Amino acid sequence: MPSSTPSTRGAQSGPGRRSARREVRAGVPESSTTRRLRQAIVDLVLAGDIPAGKRIDQRVLAKKLRTTTAPLREALSALESEGLLVREQGVGVFCRIYTVLEIEEMVDIRGVLEALAAGRATAYVSDEEIQELRDLASILGAPIPPDGEADFVRTHVKFHKRIVEISRSPRLTLLLEHHHLIDGLLANVAPALWASEPHDHHGIVEALATRNPAVAEQAMRAHIAPTFVKRFAELRKRFGDGPIMTFPLYGASRAAPARGVPSSGSVPAKAGGRP
Ligand SMILES: [Zn+2]
């Protein structure tokens, strides 16, 4: 590609390039410190250590990540512009809350983008990578042990991310990164939902192995959206069209506009409740 931006140039060439994915953030140059902090915060969100709707205590976080507030603020701003975090003037920065409707929309988009990635990947995927994906698919096909949700989500995101990586499109990687975060967030909200719906990944791998882009695209399209159908139904039962929350932020009696969602919807009284 002749017209890569300075931050993407060279990022994809050669297997020895480390953290190529990180080099392509929207063409905006990012210091290595910001990059490290950004990833560390994403990891904390994925681990549920920064629950949706919770205000981030920047001093505590800076200490935890062994940094000062200035670079931390830069990383928080980056995540804010990506939509993972939301700032409320005079109050602070929060991990964004999503509604079921928003997540449905994101899954729709993800289906199209990942199908595109799968199609592209057929041009590049090696036999070793096919085998690697087969191994991951086998792990994902095994029953999820009671405390194995986090491992399942990690492996699941890894599987889907690998295909995007193999598609060698930094732009697709960037577009999809946020959508993969949703898998992690959903797992924090309602872990049991994952166990209810194990889904097959071998079909995708074998479609990639045909090296036929149309076949791979179709397999991925058929995979993504149906996976979430039961989960959406469960989430709706619990949260209605209101924000999906991991803990009772406002208390049952106080219906306040949710952070990060349009203020038109009211917070269901039982938001944040776990069965
Ligand atoms: Zn999947």
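Since every read-out is calculated from the coordinates, none of them should be taken as a lab result. Note that the coordinates shown come from a computational prediction; the quantities given were computed from them, not determined experimentally. Glycine gets a Cβ as well: all are built from the backbone with ideal geometry, and neighbour counts include every protein chain shown.
Ranked by the mean number of other Cβ atoms within 10 Å per residue, highest first, peptides 40-50, 127-137 order as 40-50, 127-137. The label point for Ala233 and the one for Ile109, both projected 7 Å from the Cα toward the Cβ, are 2.7 nm apart.
What lysines could a cross-link reach from Lys161, if we take a straight Cα to Cα line under 27 Å and drop same-chain neighbours fewer than 8 places away? Candidates past the 8-residue exclusion: Lys230. Between Ala222 and Ser32, the distance separating the two model label sites (each 7 Å from Cα on the Cα→Cβ line) works out to 4.6 nm. Its alpha carbons considered, the stretch 99-239 gives a radius of gyration followed by a Dmax of 14.4, 44 Å.
Label sites at Glu206 and Tyr124, each approximated as a point 7 angstrom past Cα along Cα to Cβ, lie 2.6 nm apart.
Along each principal axis, taking the top coordinate minus the bottom one, the Cα set of the stretch 30-97 gives 28, 26, 22 Å in descending order.
Between Arg168 and Glu74, the contour length at 0.36 nm per residue exceeds the Cα-Cα span by 31.0 nm. Here the extension length gained between Gln131 and Gln89 equals 10.2 nm, from 0.36 nm per residue of separation less the Cα-Cα distance.
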